[in-house]
1. For the range A:523-549, name all the residues that are among the aliphatic types (A, V, I, L, M) and out of contact with any Pro (no Cβ under 8 Å at 6 or more places or on another chain).
2. Which is away from chain A (no Cβ under 14 Å), of a type in the set (Gly, Ala, Ser), closer than 27 Å to B:Val432 by Cβ and out of contact with any Gly (no Cβ under 8 Å at 6 or more places or on another chain), of B:Ala492, B:Ala533?
3. Please state which one of B:Asp441, B:Asp452 is acidic (Asp, Glu), part of a helix (DSSP H, G or I) and within 14 Å of another protein chain (Cβ to nearest Cβ).
4. Which of the numbered conditions does A:Cys506 fail, given that it passes all the others? Conditions: (1) touching a Cys at 6+ places or on another chain (Cβ under 7 Å); (2) free of Cβ contacts under 8 Å to residues at least 60 places away in the same chain; (3) of a type in the set (A, V, I, L, M, F, W, C).
5. Can you pull out the residues in the range B:80-113 that are among the hydroxyl-bearing types (Ser, Thr, Tyr) and assigned to a helix (DSSP H, G or I)?
6. Mind telling me which of the residues B:Ile244, B:Ile234 ends up being at pLDDT 95 or above, among the aliphatic types (A, V, I, L, M) and more than 13 Å from B:Met272 (Cα to Cα)?
7. In the range A:16-37, what count of residues is obtained for those that are more than 13 Å from chain B (Cβ to nearest Cβ) and in a loop (DSSP other than H, G, I, E, B)?
8. Going through B:Ala355, B:Ala243, B:Ala309 one at a time, which residue ends up being touching a strand residue (DSSP E or B) at 6+ places or on another chain (Cβ under 7 Å) and not assigned by TED's automatic domain parsing to the domain that holds B:Glu157?
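The values are calculated or read from the model by the stated rules, or taken from the named source; none is laboratory data. Note that this is a predicted model, so its numbers are computed, not measured. Every residue, glycine among them, receives a Cβ derived from its backbone with ideal geometry; neighbour counts consider all protein chains shown.
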Amino acid sequence: MSSVTETTVKLTIDGLEVTAPKSYTILQAARLVGLKIPHLCYHPELAREGNCRVCLVEVEGARSLVASCVYPVGEGMKVRTNTPSVRETRKTVVELMLANHPEDCLFCVKNQHCELQEIAADLGIRRVRFSGEKREAKKDESNPSIVRDPQKCILCTRCVRACSERQGLDIFSSANRGFDSIVEPAFGLGLDEVACSYCGQCTTVCPTAALTEKDDTQSVWDALSDPDKYVVVQTAPSVRIGLGEEFGMASGGIVTGKMVAALRRFGFDKVFDTDFAADLTIMEEGHELLHRLKNGGVLPMMTSCSPGWINFVETLHPEMIPHLSTAKSPQGMFGATVKTYFTEREGVDPSKVVSVSVMPCTAKKWEAKRPQLNDSGYRDVDIVITTREFARMIKQTGIDFLNLPEEEFDDPMGISSGAGQIFGATGGVMEAALRTAYEAYTGKTLSNLDFVGVRGLTGIKETSVDMGDGLVLNVAVAHTLRNAEKLIEKVKAKEADYHFIEIMACPGGCLGGGGQPYPTDADIRMSRINAIYNADAHMKYRKSHENPAIIELYDTWMGKPLGERAHHLLHTHFTPWEGRLK
Amino acid sequence: MEKLARAHVLICGGTGCSSSGSKEIIPEMRGKLKAKGMEDEIKVVETGCHGLCELGPLVIVYPEGVFYIRVKASDVEEIVENHLIKGRVVDRLLYREPATHATVPDYDDIAFYKKQQRYALVNCGHINPESLEEYIGTDGYEGLAKALSMKPEEVIEEVKKSGLRGRGGGGFPTGTKWQFTRNAVGSKKYVICNADEGDPGAFMDRSVLEGDPHRVLEGMIICGYAVGADEGYIYCRAEYPLAIKRLRGAIGQALESGLLGENILGSGFNFMIHIKEGAGAFVCGEETALIASIEGRRGMPRPRPPFPANSGLWGKPSNINNVETFANVPSIMRDGGDYFASQGTETSKGTKVFALTGKINNTGLAEVPMGITMREIIYDIGGGIPNGKKFKAVQIGGPSGGCLPEQLLDLAVDYESLIRAGAMMGSGGLVVMDETTCMVDVARYFLNFTQDESCGKCTPCREGTKRMLEILNRICEGKGTEEDIPLLESMAQSIKAGSLCALGQTAPNPVLSTLNFFRHEYEAHIRDHKCPAGVCTAFVGYTITEGCRGCGLCKKVCPADAISGEVKAKHIIDPDKCIKCGACQSKCPFKAIEKG
């Protein structure tokens, strides 16, 4: 037997001969002959369950129809995907889902993004033959980030698997039996009562509107139409990377100028950039690292920009709180600065300022509501919307986004460096911090700004930087909370001698965040990553400490990094579970 | 050395007889014998189940084999005084054949037992299940000793030769299954005994576990040796506390005697058995759900392949058989596969235990050779239908089985014939129904069970059985339409074809088989607004006839105040208020209330 036939098998699908790797399922093999078998519970990045029964096919010799998403290919197998029995059963299965689903597609938040709706349309379902009881379960709106509507749940368990496999959190599981079956947090508790990180990965895989971001778009419209308010907006690095996908662009396109133009048309008084605040974060965080290194502070220091990660630490690893950098996230720094520095400079009444942020993240909604984030004397950030909500708002206005002329951010909080831009990718915060920390520590100029060892989609990345002076800085980067847990274990077991660790809760970093456009998979994440580093490479400034707006801020108003004003406005504290927003 | 007793008094300590009072009889019997100074002379043995639970508590006196039924503690004195001392059989406690009412003193002459062929149940009711010596005294562990002297492959060959097939429902050839696990790659393998008996009214496995626990252990150890496993799990429902207690006791005895644990019988073979108590989910009888449950996860099936033989418990090759299958193994090893294969039919060898319930005289357990007819089971063993009612159907195969009509009573029972008839062997539940049973209501009952017990994982089973149930409810409530029957049939096909595990794939069977054999009853509900059996209350009305003397009793018992009338004048029922409970009819001393 040759090595080729050992690893592949020959089968026929609808009479077409297919050679497929032995490890393939029928569903994967069907793709090789241009056949997209409809499916709902199957997700290419998650364990295969075979529970929705939409992808049923006929296999010669099998007792019943089989789920092609889980059924392995075999030598000589004869598969038929378009028989009367297959068509009839698939339709009945989807009809059964619809019979236990609210009939509110036209005004559902997932309208035109719903996989159930799409499959019902594709299968040509024109009526539902059954009427009867529907699942009655309360909507969970207990938290600022994620809404769970069990009535729209089709029990595909993608959320169960995403939460478990990506984050290791197991917030959701199946409960009850028969028609009473439901997917919910333990004991049916609200998401505010369990150790949910609000990362929103569940919302990115849910095929229906059973798990969605909390919609805050109306609050934004209300603020914009209030003549008494001065409304400013900040946009996170990853928003410009993903937004175009909502308008049919291929992933990896950057739409910064169009995004700014759209926001300005909405009527924002100022359109600013979170990238500016990311530079500010690097100034504080970088100097905090140096301070800890010089003064025997707690090491390794861990980043604190990702609110999903912060929730994870506060709920499940409070013992790691001393490791967290006290620097606020870019969103938090922006909020505290805009209602102090900016308003003072421009002569605006800070009490009239509404600070809106557009984020790739659902947990940022929760972060903005942290009681301690009011150092400006007001709520530092008033409203957070995700990339998806932002796209919906653009659609509401009728703005022809793809043909919008590009515009520039407003000064001064719209000026940023490439270091701020790469905050959106896993490893980006680390790389940005190294660019600044190295130069601040050594007094030398970096010859190569690209720390490629911390780039890419590997779950845990490690690298070392020779800082001279006998100090070799050991750093590690992890994305997803499952990988974060591994690093924590390593640190606690003293298996590694890290000085600095970057954690982002979502796969790929913020660009794969819980508020980003549907769908997101590894290929899409990779193209967003490439876009981010490409943008960085073309920036005028690539180090946070060289951003002139940052230099001006410190020189004219803030003082020194870690100085008194910075300490008051740009740093925060973290508290164990008890301190969590209730 | 124990003294040989001149008589044995066997008192059934199975769950049925225990709940009907044998717990009081045993100390009473021991006390009375002691008072007479006969405790060394006559041995009292608490046994497992005899099968005729309907008539319990059962007491059997040997050497004569006299079979006493419905014995109470107050009867003990008479049995001691008359039978055990004077040798006079207590006539009034003897079993009577339902048809002739003649007393039958001898155990072996009772029709219920005469046509049975006890192979798996051979010791049940005859030995003290808590005694290893008694099990060994009936050639127990001889099969194991023989197996250990053979090569594992030869053991599997013997099981293959016997033709034994899975008794849990699937009917998969046991030897082939063992072969798969033996062939599977891996040094760590498991043997699992499925004792999650969940069919309503079925208690075959419970009786074996309670009445002859060592037989199951022996079967598992032989299997472990054959497939190359060193660890076994018995997954037993926690609702079987007596079975679990006796299993624990048996495991302890076997460990102490070198029949279990390290270096069994000096052969160098090691095998350990653990008990895992299940929390009572029907679906945990499905092998992959059962494995998930042992692993501490929610009991939900997963798609196969991989089959447990390749990836089972903790991902290791695992062989799962049910209790009755394992219980057959020791005798197959002892007697050789050929003897077992000489019993039964071409495709289904040996015997099968059935649990007889419903409208049948002898409710209980019966082990019969494969190929016996349904008529023999119901009429000869079961004693026919009580109260002179007419037979209507027999539901076989548990909640996912089918309902077979009178014209199939002469069907020779085996795996294939039942499937062909639209039913299945299942684990051996057999529910007899008479003319007062509504077949739509029966289908509804079983579907209600499977819907409740659906694990909720896959859409067709979770949602589909619910919709079918709603349609059946509508039909029973008089709201059925002509479209309902074809819709039920179409859904049944989709659910069978599309469900993930056997629970869903078989759940529509009761509906399909009743539609097949009793379609006219569905049509009567839908078209004529009648329930032919008079069960569905929507179609039932009570009227008072001219026979009424105006005594007022009916008015008094009516819980809905639906009856009015002056004393000594004919009363009337207000149909709008009547809740159709039938209380008036049963109270009327003049039989002047009619149901129709």
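1. Of the range A:523-549, the ones among the aliphatic types (A, V, I, L, M) are A:524, A:526, A:529, A:531-532, A:535, A:537, A:539, A:549.
Of everything in the range A:523-549, those that are among the aliphatic types (A, V, I, L, M) and out of contact with any Pro (no Cβ under 8 Å at 6 or more places or on another chain) turn out to be A:Ile524, A:Met526, A:Ile529, A:Ala531, A:Ala535, A:Ala537, A:Met539.
2. Values: B:Ala492 fails: away from chain A (no Cβ under 14 Å).
It is B:Ala533.
3. Details: B:Asp441 fails: within 14 Å of another protein chain (Cβ to nearest Cβ).
Answer to the check: B:Asp452.
4. (2)
5. In the first step, residues of the range B:80-113 are kept if they are among the hydroxyl-bearing types (Ser, Thr, Tyr); the result is B:95, B:100, B:103, B:107, B:113.
Once the filter is applied, which keeps residues that are among the hydroxyl-bearing types (Ser, Thr, Tyr) and assigned to a helix (DSSP H, G or I), the range B:80-113 yields B:Tyr107, B:Tyr113.
6. Working: B:Ile234 fails: more than 13 Å from B:Met272 (Cα to Cα).
Result of the check over B:Ile244, B:Ile234: B:Ile244.
7. Counting residues in the range A:16-37 that are more than 13 Å from chain B (Cβ to nearest Cβ) and in a loop (DSSP other than H, G, I, E, B) gives 6.
8. On the way: B:Ala243 fails: not assigned by TED's automatic domain parsing to the domain that holds B:Glu157; B:Ala309 fails: not assigned by TED's automatic domain parsing to the domain that holds B:Glu157.
Just one listed residue meets the conditions, B:Ala355.
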